[in-house]
1. Tell me the net charge near Ser322. Cut-off is 12 Å between Cβ atoms, Ser322 excluded, with +1 for each Lys or Arg and -1 for each Asp or Glu.
2. Along each of the three principal axes of the Cα atoms of segment 243-364, give the extent in whole Å, ordering the values from largest to smallest.
3. Go ahead and run the numbers for FRET between Asp413 and Arg63, Cβ-Cβ distance against an R0 of 56 Å, rounding to 0.05.
4. Assuming a viscosity of 1.306 mPa s and a temperature of 10 °C, what translational diffusion coefficient in µm² per second does Stokes-Einstein assign to segment 1-92, Rh being the Kirkwood radius over Cα pairs?
5. With a 10 Å cut-off between alpha carbons and a GNM built on the chain, which of Lys296, Lys205, Lys220 moves the most?
6. Let me understand the chain better: what is its radius of gyration from the alpha carbons, and its Dmax, in angstrom?
7. Percent antiparallel among DSSP beta bridges with both residues in segment 135-252, to the nearest 5?
8. Report the relative contact order of the chain, percent, no decimals, based on alpha-carbon pairs under 8 angstrom and at least 6 residues apart.
Amino acid sequence: MKGIVIEGGERLVGEVRVSGAKNAALPALAAALLVEGPCTFTNCPRLRDVDTFQALLENLGARFQWQGQGEIEVDTAGITGVTAPYDLVKTMRASVLILGPLLARMGEAMVSLPGGCAIGARPVDLHLKGLQKLGAEIELEHGYIKARAKRLTGAPLYLDIPTVTGTENLMMAAVTAEGTTVIENAACEPEVEDLAAILTTMGAKIVGAGTSVVTIEGVKRLRPARYAVMPDRIEAGTLMVAAGMTRGNIMLKECRLEHLEAVVAKLRDVGIEITPLKNGEVRVVGDGRVRSADIKTLPYPGFPTDMQAQFMALMTVANGLSAITENIFENRFMHVSELKRMAADIRVQGATAIVTGVPRLSGAQVMATDLRASASLVLAGLAAEGTTVISRAYHLERGYDDLVGKLAALGADVKEVDLDEDAGEQRQGV
Ligand code: EPZ
């Protein structure tokens, strides 16, 4: 089993290019289902979730080809299938993103219910309610979502929660529906805006993406597109925290600070210097001890839940006490018990973790439980005294494009290793 070994204490110095965003690349690949012909996406990250999406699309009969550095060509002209099977969907919830476009393209879709994951139940009821409003017949049978619609018809939709993939699914279902769709209380994340830009490049008529009211005018057909996926704001935020925890001085390239305002504001509050330079370059300087600060995760433009675990790692070695409240997912504190094995002082009370900064973390054997939890353990290992061994490192590979390689290139003493199969389990007794 893949593991990561880190000797803590090294400063991070140098420059690193931020990869394309996982949460923009996945909906982009789903959007390729809407057109009969080859779409090309550049700046795509090489990571496990993209590989899973490739398997999903090929299972439908699509042609999916890496064309070299970050470029993917997807041609769904020949698709015959309409099913996203359980064994693929259970490994990646974002598989639900094929529901809307497949329904719009084929008039039917059979998508396994994603089921929960480590961080929460992850329901898709709002996706289904919206599709029904657009005229789909939805049945749940044997763990599958069975959707049918001869022709989708535009309608006014209201999302009880600004669900990101829910907004994306409904946008993709609405772009070729008959008439106008207005999505109210839509998610405003930059990745939603990036998907709208891709759909517009394909000929869709969308106004308001990136705001809470998105209006879509249905069009007859869409055409293949070529599009560069936006940079990954969560990877950028993770690297900024890494600099802050190691007294680092790094330069991020391809970094869109406007996508990270809440995170940058907090990191500056605690004493990390973040300076925009020319064309997407950002200097990040940490001077060792940071001040503490409280965060509450919120839908965009609030502090992103995908940066909560990384910010918590930073607060474990801050001066003072911080309150970290997770408002988006019901179980996104799985990293707490692992950080406490590294001598972090954290008390969880309901949706809030109270973190008291300690002078130094101590390296330990820990286990990754989910994508962003694994990132927080890597960050903690960089700052800890001694050796940290992280098991189940495949979680990290799901959502980061060679983060270990990037950190090593910046001077971290970090490497991937093969761990003895039951090393993680023995300790956990699982
Ligand atoms: C997207 O997940 C991201 N994934 C997540 O990133 C991110 O954490 C999340 O948005 C929030 O920003 C992708 O974009 C592929 P939601 P998504 O629907 O769309 C509830 C990462 O680490 N909800 O916005 O699944 C839900 O339970 C991943 O990269 C319903 O109740 O999240 C949650 O409490 C993790 N019913 C809240 O809404 C629904 O039908 C927000 O979920 C849908 C969602």
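The values are calculated or read from the model by the stated rules, or taken from the named source; none is laboratory data. Quantities reported herein were computed from a predicted structural model and do not represent experimental measurements. Here Cβ is always computed from backbone atoms with ideal geometry, including for glycine, and neighbour counts include all displayed protein chains. SASA here: full protein model, heavy atoms, side chains in, ligands and nucleic acids out. Shrake-Rupley method; radii C 1.70, N 1.55, O 1.52, S 1.80 Å.
1. Working: positive: Lys266, Arg291, Lys296, Arg347; negative: Asp269, Asp294, Asp345.
That sum, taken over residues with Cβ under 12 Å, equals +1.
2. 43, 31, 22
3. Details: r = 42 Å, r/R0 = 0.75.
In this case the efficiency is close to 0.85.
4. On the way: Rh = 15.0 Å.
Value of D from the Cα-based Kirkwood radius: 106 µm²/s.
5. Lys220
6. So, for the chain, Rg and Dmax equal 21.5, 63 Å respectively.
7. Numbers: 13 of 18 bridges.
Around 70 percent antiparallel, to the nearest 5.
8. Details: 1079 pairs, mean separation 89.6, N = 430.
That works out to 21 percent.
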